[in-house]
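Trainee: A single structure is presented below for examination.
The values are calculated or read from the model by the stated rules, or taken from the named source; none is laboratory data. All values derive from a computational prediction rather than experimental measurement. Neighbour counts run over all protein chains shown; Cβ positions are idealised from the backbone, glycine included.
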Amino acid sequence: MSNPPTAAFVVVANRLPVDRVTLPGGRTAWRTSPGGLVSALKPVLQRNEGAWIGWHGAPAEELEPFVDDGLELVPVPLTHSEVEEYYEGFSNGTLWPLYHDVVAPPEFHREWWEAYVRVNRRFAQRAADVAERGGVVWVQDYQLQLVPAMLREMRPDLRIGFFLHIPFPPTELFQQMPWRRQILEGLLGADLVGFQHQGASQNFVRLVRQRVGHKTHRDTVYLPDGRLVTAGSFPISIDAESFEKLARDPATEQRADEIREELGAPKHVLLGIDRLDYTKGLRQRLRAFGELLAEGSIDLDDAVFVQVATPSRERVDQYKVLRDDIDRLVGRINGDVGRIGRVPITYLHSSYPKAEMAALYRAADIMVVTPLRDGMNLVAKEYVACRYDDQGALVLSEFAGAADELKQAYRVNPYDINGMKATLLQAMESPDREKSRRMRSMRKYVSEHDIDRWAKSFLDRLAGSETHHDKHPRP
Ligand code: F6P
């Protein structure tokens, strides 16, 4: 690879914002990468000139740095076996379930861990090549937890931040990890370690004290070499203004009308939009809706459910099982309670451009976001940002990070199917005045706490944080 570009501000994430995909027929094309991390960070980097280092989504392919949509992108290659062991294996077969309350059992394999270490080192090396002297490097998410310490060793002149987009597990669960100490030490290479939630930040500091043995005080870790590491919570958000602008576009409004017409213009359109992931609570939510129809609490003429499930991690076993389960469940409900011309659940296993998502948000009377555990859930915030008319209702799991902020949502415990049924009915039956009161206050919150505010609060704290203490550490 030729010399990469250099930049004073560098984002390092497992994925680039675009993914290289092979189309049927063998042609390759670029498409927006899945997930909230990319949609949140892209506008941040577009506004702060810098470079984005990440994998381009295809195995065994070395690509030169390139510019896309005004962004300087630096691809990191992964071999076939690294995709299996680092990405599908350790990242998504070990860390993902462990960090999400073990809703699926995590697997621990030594070869996966070795690949994780090797690939983290490659990302760190790339960042060391790209970052200008004294620059800022912002490392993202669970796939790259070792990068901060590796990078610090290579480039002690840098300011290094780390942000975890997913939950950080309670100490009791984290202890299962055979490489727990190495992961904590990896994160401690950063000057600032950010989490979605205050509780996660406290867990981290407690674990550092217990497992690594460093002194800590409140949100600060005192390292024996004189360095300070700060932990903190920075709940992520969205580019609220751009979503509202898209929602107000007459073309979006027209598409939303078409969608409602095509669905048979029912009284209530319920909507779910998720990556097809077992943490998202799809089974529970569809069962709740199916039961409401089957027992006659809602009429098939009155309500339909649209579930968009974006394909994700399709070669990982648990995702294959989930896909089959959801196919079966949707088929069963539609077969049991549907009739000619009336399909209760419209299930779309596909990803859609932002404009179509905005039209779906506009078409939906009730947005159903019911993860079993979720770091934040940006879909909930996107829905709110699109409801400039203050109409619509958000049904939100109390186990999504977003529930801490969107307090006027209709809250559910997704494990409690009867409770979820009651809340769905409540949302459907609430008077318009009540729904608009709730939506107005959530919309105000999201527009004031947008992605720029999130990035600024993290980066200001990173720039301003003390990085060293005197020879005698405080308590
Ligand atoms: O925010 C969680 C996250 O895992 C991101 O790190 C990731 O880019 C996104 O979800 C989508 O997952 P994947 O990159 O595995 O497709």
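Trainee: Look at Ser351 and say whether it is assigned to a loop (DSSP other than H, G, I, E, B), of a type in the set (Ser, Thr, Tyr), modelled with pLDDT under 95 and closer than 26 Å to Asp19 by Cβ.
Mentor: yes
Trainee: Still on this structure: Being surrounded by fewer than 17 Cβ atoms within 10 Å (Cβ to Cβ) and either modelled with pLDDT under 95 or over 23 Å from Gly57 (Cα atoms) (or both) is the filter here; which residues of the range 80-102 pass it?
Mentor: Asp101, Val102
Trainee: Can you tell me which residue among Leu173, Leu187, Leu146, Leu95 is touching a strand residue (DSSP E or B) at 6+ places or on another chain (Cβ under 6 Å) and of a type outside the set (Lys, Arg)?
Mentor: Step by step, each of Leu173, Leu187, Leu146, Leu95 is checked, and only Leu187 is touching a strand residue (DSSP E or B) at 6+ places or on another chain (Cβ under 6 Å) and of a type outside the set (Lys, Arg).
Trainee: Still on this structure: Report whether or not Asp219 is under 18 Å from Trp138 (Cβ atoms), of a type in the set (D, E, K, R) and surrounded by 16 or more Cβ atoms within 10 Å (Cβ to Cβ).
Mentor: no
Trainee: Restricting to the range 50-75, what's the tally of residues that are surrounded by fewer than 23 Cβ atoms within 10 Å (Cβ to Cβ) and among the β-branched types (Val, Ile, Thr)?
Mentor: 1
Trainee: Gly338: of a type outside the set (A, V, I, L, M) and either at pLDDT below 95 or under 16 Å from Thr423 (Cβ atoms) (or both), yes or no?
Mentor: Here the answer is no, as Gly338 does not meet what is asked.
Trainee: When you go through Val83, Val130, Val102, Val74 one by one, which is the residue that is under 21 Å from the mean Cα position of the chain (by Cα) and closer than 21 Å to Ser33 by Cβ?
Mentor: Step by step, each of Val83, Val130, Val102, Val74 is checked, and only Val83 is under 21 Å from the mean Cα position of the chain (by Cα) and closer than 21 Å to Ser33 by Cβ.
Trainee: While we're looking at this one, here's another question. Would you check which residues across the range 203-213 are crowded, with 18+ Cβ neighbours inside 10 Å and either outside any helix (DSSP H, G or I) or touching a Lys or Arg at 6+ places or on another chain (Cβ under 9 Å) (or both) and list them?
Mentor: If the condition is that a residue be crowded, with 18+ Cβ neighbours inside 10 Å and either outside any helix (DSSP H, G or I) or touching a Lys or Arg at 6+ places or on another chain (Cβ under 9 Å) (or both), then Val205, Leu207 are the ones that fit.
Trainee: Identify, by number, the condition in (1) without any contact (Cβ under 8 Å) to a residue 60 or more places away in the chain; (2) surrounded by fewer than 14 Cβ atoms within 10 Å (Cβ to Cβ); (3) of a type in the set (A, V, I, L, M, F, W, C) that Ala463 doesn't meet.
Mentor: (1)
Trainee: If I ask for residues that are within 14 Å of Leu396 (Cα to Cα), assigned to a strand (DSSP E or B), in contact with an Asp or Glu (Cβ under 9 Å, 6 or more places away or on another chain) and within 16 Å of the ligand (Cβ to nearest atom), which ones from the range 261-309 would you list?
Mentor: Matches in the range 261-309: Ile273 only.
Trainee: Restricting to the range 124-140, name every residue that is in contact with a Pro (Cβ under 8 Å, 6 or more places away or on another chain) and of a type outside the set (Lys, Arg).
Mentor: Asp129, Val130, Val139
Trainee: Which strands (runs of 3 or more DSSP E) does the range 1-119 wholly contain that include 2 or more residues that are more than 16 Å from the ligand (Cβ to nearest atom) and over 24 Å from Arg133 (Cα atoms)?
Mentor: Correct list: 28-32.
Trainee: List, please: which pairs have Cβ atoms under 6 Å, are six or more places apart or on different chains, and start with a residue in the range 309-323 that is closer than 21 Å to Arg285 by Cβ and end with one that is more than 14 Å from the ligand (Cβ to nearest atom)?
Mentor: Pairs found: Ala309/His349; Gln318/Ala104.
Trainee: In the range 328-344, is there at least one residue being in a loop (DSSP other than H, G, I, E, B) and within 23 Å of Arg31 (Cβ to Cβ)?
Mentor: no
Trainee: Residues that are surrounded by fewer than 18 Cβ atoms within 10 Å (Cβ to Cβ), more than 20 Å from the chain's Cα centre (by Cα), in a helix (DSSP H, G or I) and at pLDDT 95 or above: does the range 134-142 have at least one?
Mentor: The answer is no; no qualifying residue exists.
Trainee: Between residues in the range 68-84 that are in contact (Cβ under 8 Å) with a residue 60 or more places away in the chain and residues that are surrounded by 20 or more Cβ atoms within 10 Å (Cβ to Cβ) and part of a helix (DSSP H, G or I), which pairs lie under 7 Å by C-beta distance while being six or more apart or on different chains?
Mentor: Val74/Arg126; Val74/Val130
Trainee: Now for a separate question. Name the pairs: first residue in the range 132-143 and within 18 Å of Gly194 (Cβ to Cβ), second residue charged (D, E, K, R), Cβ to Cβ under 6 Å, at least 6 apart or on different chains?
Mentor: Val136/Arg159
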